[in-house]
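To keep things clear, I will list the structure first and then write my remarks on it.
FYI, it's all coordinate maths here, none of it is from the lab. Note that the structure is a prediction, hence the values are computed from the model and not measured. Cβ: placed from backbone, ideal geometry, glycine included. Neighbour counts: every protein chain shown.
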Amino acid sequence: MNPLPICPRLQLKQPIYVEKIAFLEGCGNYTIVHLLDGSRVLLSKNIGLLNSLLPPGAFVRLNKTYIANLKSIKIPEWSKNKLLIIKLPNDQLTEVARRRVTLVKNLLTSNPSEKAMQ
C-alpha cells in the first residue's frame, strides 16, 4: 500500500493509505479525509496541496470542495439544469463544477469499473 506523504508524525500514529481514501472534503485551510471504512481524519493541509500529492488517474477534483476516488463514486446523474450530480460513498450529493464536467465524464466512462455514464 502507498501511504499519503503528508506529515511524518501523523504517518507514525495513523498512516493514511491512498487506496483506502474514499474522498476528501476541503474546509478552508483544513481537509477532512473520508476513508472507505467510514472513519475520518482531519488534516491541517488545504485540499489543493493534497490534490497535488494524489495519483491523477485514481482521483478527480469534482469542485472547489471535493476530490473523489474514482472507484468510490456511485452512479452519477444529471439534474434538470444540466448539472452533473455525483453521489459520494456517504450518500451525500455534490455537483460537479461546470468546467470539470467533461473531464469527470471522460474519466468515469474510461474507468472499467464504472459504466453508469451514458
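Under 12 Å Cα-Cα from K71, which aspartates and glutamates qualify once same-chain neighbours fewer than 8 residues away are excluded?
E19, E114
Excluding residues fewer than 8 places away in the same chain, name every one of the aspartates and glutamates whose C-alpha is closer than 19 Å to that of K82.
E95
Within 13 Å, Cβ to Cβ, of N81, how many net charges do the neighbouring residues add up to if Lys/Arg are +1 and Asp/Glu are -1? Could you put the intermediate results ahead of the total?
Details: positive: K80, K82, R98; negative: E77, E95.
Residues near N81 contribute +1 overall.
What FRET efficiency do you get for Q14 and Q92 if R0 is 25 Å and r is their Cβ-Cβ distance, rounded to the nearest 0.05?
Details: r = 23 Å, r/R0 = 0.94.
According to the calculation, E is roughly 0.60.
Enumerate the calculated ³J(HN,Hα) couplings along region 21-34 in order (Karplus 6.51 cos²θ - 1.76 cosθ + 1.60, θ = phi - 60°), each rounded to whole Hz, writing x wherever the residue is Gly or Pro.
Values, residue by residue: 7, 8, 7, 10, 10, x, 9, x, 7, 10, 9, 9, 9, 9 Hz.
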